[in-house]
Amino acid sequence: MEPLVFEPGDALLVVDVQNDFLPGGALGVAGGDRILPILNAWLARARQAGVPVFATRDWHPPGHCSFREFGGPWPVHCVAGSVGAQFSSALALPPQVQVISKATAPDREAYSSFAGTDLAGRLAAAGVKRIFIGGLATDYCVVETTKDALALGYAVVLLQGAMCAIDPRDGEAAVARMLQLGAVVAPAPQAADQAAGCG
């Protein structure tokens, strides 16, 4: 697999690496913490290359429609301002990271990082043409973000080992779908812990 490097017009997008989506969190993805060394290696590369970094987060109001008590499929998670909604302290986000909050309205779910946010506008303002994507979870927010990015005309690079699925089989299907739609895969940087990663 040929190495892919950051070039002018690229951006790194880190999807929902929040405490509630990591092991021990309210909606923890098994093995989700194993993606952190690889994401951090890509963040270091982005810093060196001077490309913009965006990080999305679920930022739900207390009565969000995705919560089971309000008819949704999920336990209460990523409530705005809570510890669970914070980015992992092990994630080396740069000071200039642009944070995108999603699913902030009580009556609207948003798996895609583009749904109801200003991400597209920020990418356009930064002159972004290609997006490198990693984060959680492969079978929900990563795949929906990738589908929207491709539909909007962006090239998408998926970061191998820097994504993890709630359901491994659904994760495999999500990756296959993203590749079918035109995404490509970048192998983990050599600087990352090669024992880490989550498919």
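Structure notes:
- Condition met for His64 (farther than 29 Å from Pro95 by Cβ and buried (at least 21 other Cβ atoms within 10 Å of the Cβ)): yes
- Whichever residue in segment 67-81 is out of contact with any Phe, Trp or Tyr (no Cβ under 9 Å at 6 or more places or on another chain) and more than 27 Å from Ala120 (Cβ to Cβ) and, among such residues, is surrounded by the most Cβ atoms within 10 Å (Cβ to Cβ): Phe70
- Output for segment 49-61, where each listed residue is crowded, with 19+ Cβ neighbours inside 10 Å and not hydrophobic (A, V, I, L, M, F, W, C): Pro52, Thr56, Arg57, Asp58, His60
- Test: residue in segment 39-48 that is aliphatic (A, V, I, L, M), buried (at least 19 other Cβ atoms within 10 Å of the Cβ) and assigned to a loop (DSSP other than H, G, I, E, B): no
- Qualifying residues in segment 131-162 (those that are of a type in the set (Ser, Thr, Tyr) and over 16 Å from Ala176 (Cβ atoms)) - the one farthest from the chain's Cα centre (by Cα): Tyr154
- Selection status of Ala103, buried (at least 19 other Cβ atoms within 10 Å of the Cβ), under 16 Å from the mean Cα position of the chain (by Cα) and more than 21 Å from Leu36 (Cα to Cα): yes
- Long-range neighbours under 7 Å by Cβ, at least six apart or interchain, first residue more than 14 Å from Ile133 (Cα to Cα) within segment 5-26, second surrounded by fewer than 12 Cβ atoms within 10 Å (Cβ to Cβ): Gly9/Gly127; Asn19/Val83
Yes or no, residue by residue, for (1) touching a strand residue (DSSP E or B) at 6+ places or on another chain (Cβ under 7 Å); (2) modelled with pLDDT under 95; (3) buried (at least 18 other Cβ atoms within 10 Å of the Cβ):
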{"site": "Asp118", "(1), (2), (3)": "no, no, no"}
{"site": "Leu123", "(1), (2), (3)": "yes, no, yes"}
{"site": "Ala126", "(1), (2), (3)": "yes, no, no"}
{"site": "Lys129", "(1), (2), (3)": "yes, no, no"}
{"site": "Ala149", "(1), (2), (3)": "yes, no, yes"}
{"site": "Gly161", "(1), (2), (3)": "no, no, yes"}
{"site": "Met178", "(1), (2), (3)": "yes, no, yes"}
{"site": "Ala188", "(1), (2), (3)": "yes, yes, yes"}
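- Residues of segment 93-150 classified as assigned to a strand (DSSP E or B), closer than 19 Å to Pro61 by Cβ and not hydroxyl-bearing (Ser, Thr, Tyr), total: 3
- Residue within segment 62-70 that is among the polar types (S, T, N, Q) and not in a loop (DSSP other than H, G, I, E, B) present: no
- Residue pairs meeting the criteria (Cβ under 6 Å; at least 6 apart or on separate chains; first in contact (Cβ under 8 Å) with a residue 24 or more places away in the chain, in segment 147-171; second assigned to a helix (DSSP H, G or I) and surrounded by fewer than 22 Cβ atoms within 10 Å (Cβ to Cβ)): Leu150/Leu181; Val156/Leu150
- Test: residue in segment 67-89 that is in contact (Cβ under 8 Å) with a residue 24 or more places away in the chain, over 17 Å from Asn19 (Cβ atoms) and within 14 Å of the chain's Cα centre (by Cα): no
The values are calculated or read from the model by the stated rules, or taken from the named source; none is laboratory data. Bear in mind the structure is a predicted one, so any value in this text is a computation, not a measurement. Note that we place each Cβ from the backbone using ideal geometry, even for glycine, and neighbour counts take in every protein chain shown.
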